[in-house]
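Participant: For reference, the structure I am asking about is given below.
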Number of protein chains: 2
Amino acid sequence: MTVKQLSLPRLVYTCAQLGVPGVGLWREPVRAYGVEAAAKLVRDAGLSVTSLCRGGFFTTAEPHARVKALDDNRAAIDEAATLGTDTLVLVCGGLPEGSRDLAGARERVADALAELGPYARVRGVRLAVEPLHPMYASDRCVVSTLGQALDLAERFPAEEVGVVVDTYHVWWDDLAPAAVTRAGAAGRIHAFQLADWVTPLPEGVLTGRGQLGDGSIDLRDWWRRVDAAGYTGPVEVELFNEALWRRDGVEVLRETVERFRSCAP
Amino acid sequence: MTVKQLSLPRLVYTCAQLGVPGVGLWREPVRAYGVEAAAKLVRDAGLSVTSLCRGGFFTTAEPHARVKALDDNRAAIDEAATLGTDTLVLVCGGLPEGSRDLAGARERVADALAELGPYARVRGVRLAVEPLHPMYASDRCVVSTLGQALDLAERFPAEEVGVVVDTYHVWWDDLAPAAVTRAGAAGRIHAFQLADWVTPLPEGVLTGRGQLGDGSIDLRDWWRRVDAAGYTGPVEVELFNEALWRRDGVEVLRETVERFRSCAP
């Protein structure tokens, strides 16, 4: 998503050229290209798919919409399995239209995880609950802190449900470092993503993630912390940024690789 | 601030007309009008000043800027005393320019409270640390949760330092209800403010607070919770909203009073 201006083949080719060993993919471009074809494309280039983004959006209380959401999540699990990644990132969804019942919406997330976990496990896919920054609580994700995501995950086996640590979403939280340690000890850090925090935030606050090093987050410190918690998986960079999307994708990818290396512990 | 389009006399007159018994003031219009004159204006109308907004912005590590910030806060405390309010709201400040040291900035907040608390106490003014929504952590306030604000406050006597509970800032936080109870039991809820959460957020995310009832927050539930924690102080409404500021101020004030009554427990 960091360089969504690149086609899938161009992305994979450029990653291989730059020595990037794996790539996190989003469902929409994968489905447009064909899931099997995308899997082959990445595999043939000698890369791995680090994660698939995203399932989730299952906070609705309306029975038909709920069935549809769970079906869509099962499809996402199948796609992850086909791509050969063991990690499906979940953005759980916001409050249903007109609702003010945050606690209820959070409980429906747990219900969905209970239903999807075993289905995912059989296919070798782990569900990774991503806590999103609290500014998305009403419209994108009712899971707002790492501690809360972990509380949810711990109701299920670690092979089924874990969490995503994304610096953009957790950097402000004084309780997040302890949650990282706790998640690492339990083998529940299923993905680790980097993005920097820059202001002013754009309207809608969705596309203002900063290039690594441009913002307020001590990324090296977070990376060290996640390492120290025992995480040995891939480290992803996920930027949504209009200015980066307007630039040449290959150039952005090259810059991102440099920034990535310069903030590594 | 909800109706900043109104002059101070017009604000006070309209509050009295509408049966609003008190008004929270901001420093800038008060200083422009004259602090003594503003105090007399409010008193003569039979109203009280519920709180003064705001001190704070003392996270800088630079010695000269720090002295200046503390001096300004002492001035704010004096102004609060002159206005006859016992509550000075503190917006503590963000990360200093170029800094990524959140923990350090938070420690400087504690240092400032230690210095200002006794000065305020002598003047009958309590410092009210307002945790701001985490989306302001880098540029406005490094104190991001009610629990964190309370941890800070509890290092000092309750007569000196307490917290502000503002629904806009805390509504998403599953740990905030317990913090409200804890703060109430300790006599540390120094102010309670209402605003609703509406999306999409505007650029800069400062002026998008929703009119009561327009958004995602169960305001009655929060009000009940703060009541149950033993809070008996004023309930303020603080909206920053470009659309409300463009409308006729008296009409907005009337609407706000209606909404306020309809979300009271």
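Participant: Do we have residue A:205 as more than 10 Å from chain B (Cβ to nearest Cβ), over 16 Å from the mean Cα position of the chain (by Cα) and outside any strand (DSSP E or B) here?
Facilitator: No.
Participant: Looking only at residues that are within 14 Å of chain A (Cβ to nearest Cβ) and among the charged types (D, E, K, R) in segment B:135-189, which one is nearest to the chain's Cα centre (by Cα)?
Facilitator: Selected residue: B:166.
Participant: Starting from residues that are surrounded by 15 or more Cβ atoms within 10 Å (Cβ to Cβ) and of a type in the set (Ser, Thr, Tyr), keep the ones in segment A:1-39 and report whichever is nearest to residue A:235 (Cα to Cα).
Facilitator: Ranking the candidates gives A:2 first.
Participant: Related question: Take residue A:256 and decide whether it is within 14 Å of another protein chain (Cβ to nearest Cβ), in contact with a strand residue (DSSP E or B) (Cβ under 6 Å, 6 or more places away or on another chain), surrounded by 20 or more Cβ atoms within 10 Å (Cβ to Cβ) and closer than 18 Å to residue A:50 by Cβ.
Facilitator: no
Participant: What pairs come up if the first residue lies in segment B:90-101 and is more than 10 Å from every other protein chain (Cβ to nearest Cβ) and under 17 Å from residue A:197 (Cα atoms), the second is buried (at least 17 other Cβ atoms within 10 Å of the Cβ) and of a type in the set (Phe, Trp, Tyr), and their beta carbons are under 6 Å apart, counting only those six or more places apart or on different chains?
Facilitator: The qualifying pairs are B:93/B:57; B:93/B:58.
Participant: Next question. Would you check which residues across segment A:115-131 are out of contact with any helix residue (DSSP H, G or I) (no Cβ under 8 Å at 6 or more places or on another chain) and over 21 Å from residue A:142 (Cβ atoms) and list them?
Facilitator: A:118, A:121, A:122 - these are the residues of segment A:115-131 that are out of contact with any helix residue (DSSP H, G or I) (no Cβ under 8 Å at 6 or more places or on another chain) and over 21 Å from residue A:142 (Cβ atoms).
Participant: For residue A:191, state whether it is surrounded by 24 or more Cβ atoms within 10 Å (Cβ to Cβ) and either touching a Ser or Thr at 6+ places or on another chain (Cβ under 6 Å) or among the hydrophobic types (A, V, I, L, M, F, W, C) (or both).
Facilitator: Yes.
Participant: Applying the selection to segment A:194-213, what residues are farther than 21 Å from residue B:141 by Cβ and surrounded by fewer than 19 Cβ atoms within 10 Å (Cβ to Cβ)?
Facilitator: Once the filter is applied, which keeps residues that are farther than 21 Å from residue B:141 by Cβ and surrounded by fewer than 19 Cβ atoms within 10 Å (Cβ to Cβ), segment A:194-213 yields A:203, A:204, A:206, A:207, A:213.
Participant: Going by the conditions given, is residue B:240 of a type in the set (Phe, Trp, Tyr), within 30 Å of residue A:209 (Cα to Cα) and within 16 Å of the chain's Cα centre (by Cα)?
Facilitator: The answer is yes for residue B:240.
Participant: Still on this structure, please answer the following. Quickly run through segment B:5-20 and pick out the residues that are out of contact with any Asp or Glu (no Cβ under 9 Å at 6 or more places or on another chain), farther than 20 Å from residue B:82 by Cβ and not in a helix (DSSP H, G or I).
Facilitator: Selection gives B:6, B:19, B:20.
Participant: Also, quick follow-up: So, in segment B:43-71, how many residues would count as being within 28 Å of residue B:19 (Cα to Cα) and touching a residue at least 24 places away in the same chain (Cβ under 8 Å)?
Facilitator: 11
Participant: Those residues that are surrounded by fewer than 18 Cβ atoms within 10 Å (Cβ to Cβ), under 16 Å from residue A:87 (Cβ atoms) and either among the hydroxyl-bearing types (Ser, Thr, Tyr) or touching a helix residue (DSSP H, G or I) at 6+ places or on another chain (Cβ under 9 Å) (or both), I need them from segment A:158-185; list them, please.
Facilitator: Hit for segment A:158-185 is A:159, nothing else.
Participant: Continuing with the same structure: Are any residues in segment A:228-249 more than 25 Å from residue A:163 (Cα to Cα), assigned to a helix (DSSP H, G or I) and out of contact with any Leu (no Cβ under 7 Å at 6 or more places or on another chain), and if so, which ones?
Facilitator: A:242, A:243, A:244, A:245, A:246
Participant: Which one is surrounded by the fewest Cβ atoms within 10 Å (Cβ to Cβ) among residues in segment A:137-147 that are in contact with a Cys (Cβ under 7 Å, 6 or more places away or on another chain) and either among the polar types (S, T, N, Q) or under 16 Å from residue A:176 (Cβ atoms) (or both)?
Facilitator: Once the filter is applied, the top-ranked residue is A:141.
Participant: Counting only residues that are touching a helix residue (DSSP H, G or I) at 6+ places or on another chain (Cβ under 7 Å) and assigned to a loop (DSSP other than H, G, I, E, B), which one in segment A:210-225 is farthest from the other protein chains (Cβ to nearest Cβ)?
Facilitator: It comes out as A:211.
Participant: Name every residue in segment A:124-134 that is within 11 Å of chain B (Cβ to nearest Cβ) and of a type in the set (A, V, I, L, M), in order of residue number.
Facilitator: Correct list: A:132 only.
Conditions (1) aliphatic (A, V, I, L, M); (2) touching a Leu at 6+ places or on another chain (Cβ under 6 Å); (3) closer than 23 Å to residue B:110 by Cα, marked per residue:
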| position | (1), (2), (3) |
| --- | --- |
| B:19 | no, no, no |
| B:36 | no, no, no |
| B:45 | yes, no, no |
| B:48 | no, no, no |
| B:62 | no, no, yes |
| B:69 | yes, no, yes |
| B:86 | no, no, yes |
| B:90 | yes, yes, yes |
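Taken together, the values in this text are just the output of simple stated rules run on the coordinates, not laboratory data. On a predicted model such as this, the values are computed, not experimentally measured, just so you know. Virtual Cβ from ideal backbone geometry, glycine too; neighbours counted across all protein chains shown.
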